[in-house]
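Reading through the structure tokens given below for one structure.
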Amino acid sequence: MNSVLTTVIQRLALGIITLFFVSVIIFAMVSMLPGDFTQAVLGQAALEETVEAFRKELGLDQPAHIRYFQWLGGVLQGDFGTSFSGRAASGIDRSRSVAELIEPRLYNTLFLAAMTAIVAVPLALYLGITAALHRNGFFDRSISTATLVSISLPEFLVAYVFIAVFAVLWGKFPPISEIRPGATFFDRIHVSVLPALTLTLVTIAHMMRMTRAAIINLLASPYVEMARLKGVSQRDVIIKHVLPNAWAPIATVIAFNLAYLVIGVVVVETVFTYPGIGRLMVDSVSSRDMPIVQACGLIFAGTYILLNMIADIIGIVTNPRLLHPR
Amino acid sequence: MSTENYSAAGEVSQVRTRRTWLHRMWIGLRKAPLTAWFGMIIILGYLICMLFAPWIAPHGEAQVFAIPYAEWSETHRLGTDQLGRDIFSRLIFGARNTVGIALLTTLLSFFIGGGLGLIAAINRSWLDQIISRVVDVLLAIPSLIFALMLLAAVETTTPTWSIIKLIIIIAVLDSTRVFRLTRAVALNVVVMDYVEAARLRGEKLGWIMRREILPNIMPPLVAEFGLRFSFVFLTIAALSFLGLGIQPPTADWGTMVRELSTFVNYLNFDLRLGLLAFIPGGAIALLTVAVNFVVDWFLHQTSGLRDEH
């Protein structure tokens, strides 16, 4: 067991180091902005002392590395700074804290992602394993072509097809996913159906193809042939011989696609005007509200790194070769 | 025939010389499945639109007519948009802009990623270590998120510069994946004896890259070019759709989908108007489907690099 523990700790350390470098990159992006961007935020008519106060608030009078650690310290305590918007040239400050803006939207995005994952992951695994077992059969070939097509479709096109069919022509679901303040759980599900369906379609294809490839790889290995030759039933071959070795690739597939969800969310939320952090990020990029862009970027990148790390760790922990040391 | 004079290579070369290069290509193409043929014909059509856009399109790219939202007619085959620009003409110019920019970006990305990958594989010193670690960190951030952050951070003033900014950002981010692949496949070739021989001959880095290694890693790179192109193409379309990529008045399919999408809600009342948004969207999808079909066939041809054994 010792070797497993060492490998897991190594992987965790690597994840933390990566996260550190990513945070440095994300922080450096604001430092790349030209020094007079305070004027762009506050407007041309900004008073000298307003600009000075704003610069002070951002800590621009301090060297970059000190600013970085102050920022990182704040982030670790859930403080992402304050938004650029809502500041006036006269010095009146109606800006809101980034954490306060992000929190409800993060919840909405997680809700959408969870809803997608609950449908997409089992379905993709089932389709992928079935296609691998009936390799080159009619089911496999038709589903391979179908996934190839659905991988090629842009998310926004899929989303508008669903809007046209289910919202406009059939009228069952709202074309715009607006979550009202007093919305119940079922209201949330009702407005999230179309975005979740879109995300399912774009992630399921990747997930299915990767599952299929992983299982086909394993089915071709000598020990599976050996098991078949000694008369083990098809069910037992899959459960006892293939699956223990398949957890690692399957975990990778799932994590990769949940990570892919992170990207898909940005476009899909914009199409449905779903109040999540994906749309918040797009809006903030257009208005160049850097603290929000930074916070969203950090959340997305952090989730991505975390998911990949979990997949690797599952792969290490379930690896039969590491579990039975010589 | 005596066995001493016989050489297998000679027999093969006889067959090869009997057939011209064109003939051999035709034989390969004839065996291509229907999907690959479909893909190639579509790609050819897009290329023609791209190259001859000003001659095919009936009106100018940003030419504004008096009537916005015009009906479909002889002069405006798909009507006009909210500003009175001919939609059909903008679609054709869109082929030039959207596909052209994606193609340029992919080429730049292969130039950067492929070049660095080859150098890293040949050099294998601290340079390889540095580039590989930097690539690891860059790959840890989802590329669309990274692109969004960079687009926000870098300010541009003119439309030309914003397109250049877009091309450079996407190309650099995408080159990380090209670097990984190039380095991985080149490492297998670098250890070959003929590369060693070339080194001992005193050939320079450029020669070893171009003449010894590149020809031997061409098939996976060509397939990767197709895949990366469709990925870049979809990324740029998505960014334009979000209003952050190619900026108007340049005709571009992603932007067109966004502009025409409001009509989807009127599908019940006016089918033509409601379906307009699906034309540029479909144009994007059709090209990526076509490229993927061709790449799939190509990968099957040049050994089972995909999942087939």
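The values are calculated or read from the model by the stated rules, or taken from the named source; none is laboratory data. Keep in mind the model is a prediction, meaning the values are calculated, not measured. A quick note on method: Cβ atoms are made from the backbone with ideal geometry, for glycine too, and the neighbour counts reach across all protein chains shown. Side chains are part of the model used for accessible areas, which takes the heavy atoms of the whole protein and leaves out ligands, DNA and RNA. Shrake-Rupley method; radii C 1.70, N 1.55, O 1.52, S 1.80 Å.
Data overview
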| read-out | value |
| --- | --- |
| Rel. contact order, % - alpha carbon contacts under 8 angstrom, at least six apart, segment B:3-302 | 22 |
| Accessible area (Å², per residue) of segment B:1-156, counting only protein heavy atoms and a probe of 1.4 Å | 57 |
| Whole-angstrom gap from segment A:167-194 to segment B:18-35, using each part's C-alpha centre | 53 |
| Radius of gyration and Dmax over the Cα atoms of segment A:112-175, both given in Å | 14.8, 40 |
| Pairwise Cα inverse-distance average, inverted: Kirkwood Rh of chain A (Å) | 22.9 |
| Structure-based [θ]222 nm, the protein assembly as shown - -39500 (n - 2.57) summed over DSSP H runs of at least 4, per residue, nearest 500 | -23000 deg cm²/dmol |
| Accessible surface of segment B:3-302, 1.4 Å probe, proportion on carbon and sulfur as whole % | 66 |
| Global geometry of the protein assembly as shown, whether rounded, prolate or oblate, following the gyration tensor of its Cα atoms and the 1.5 cut on a/c | rounded |
| Förster radius 22 Å - calculated FRET efficiency between A:Ile176 and A:Arg96 (Cβ-Cβ, nearest 0.05) | 0.35 |
| Kirkwood Rh (inverse of mean 1/r, distinct Cα pairs), chain B, angstrom | 22.4 |
| Minimum 30 Å² accessible area buried by the other protein chains, segment B:278-292 residues, probe 1.4 Å, relative to alone | B:Phe278, B:Ala285, B:Val289, B:Asn292 |
| GNM result for chain A, Cα springs below 10 Å: residue of A:Ile66, A:Ile204, A:Ile129 fluctuating most strongly | A:Ile66 |
| Relative contact order [Cα under 8 Å, 6+ residues apart], segment A:104-286, whole percent | 35 |
| Value of relative contact order over segment A:181-326, rounded to a whole percent, pairs C-alpha under 8 Å and six or more apart | 27 |
| In the B-A interface, the accessible area buried, summed over both sides, Å² (probe 1.4 Å) | 4100 |
| In Hz, Karplus ³J(HN,Hα) per residue of segment A:250-256 (6.51, -1.76, 1.60; θ = phi - 60°; x = Gly, Pro) | 5, 4, 4, 4, 5, 5, 4 |
| 5 angstrom amide H check on A:Thr82, placed H, neighbours 5+ away | A:Val98 |
| Where only C-alpha atoms are counted, convex hull volume of segment A:104-286 per residue in Å³ | 137 |
| Shielded residues, segment B:139-173 - accessible-area loss of 40 Å² or more between chain alone and all protein chains, probe 1.4 Å | B:Ala140, B:Ile141, B:Pro142, B:Leu144, B:Ile145, B:Leu148, B:Met149, B:Ala152, B:Ala153, B:Glu155 |
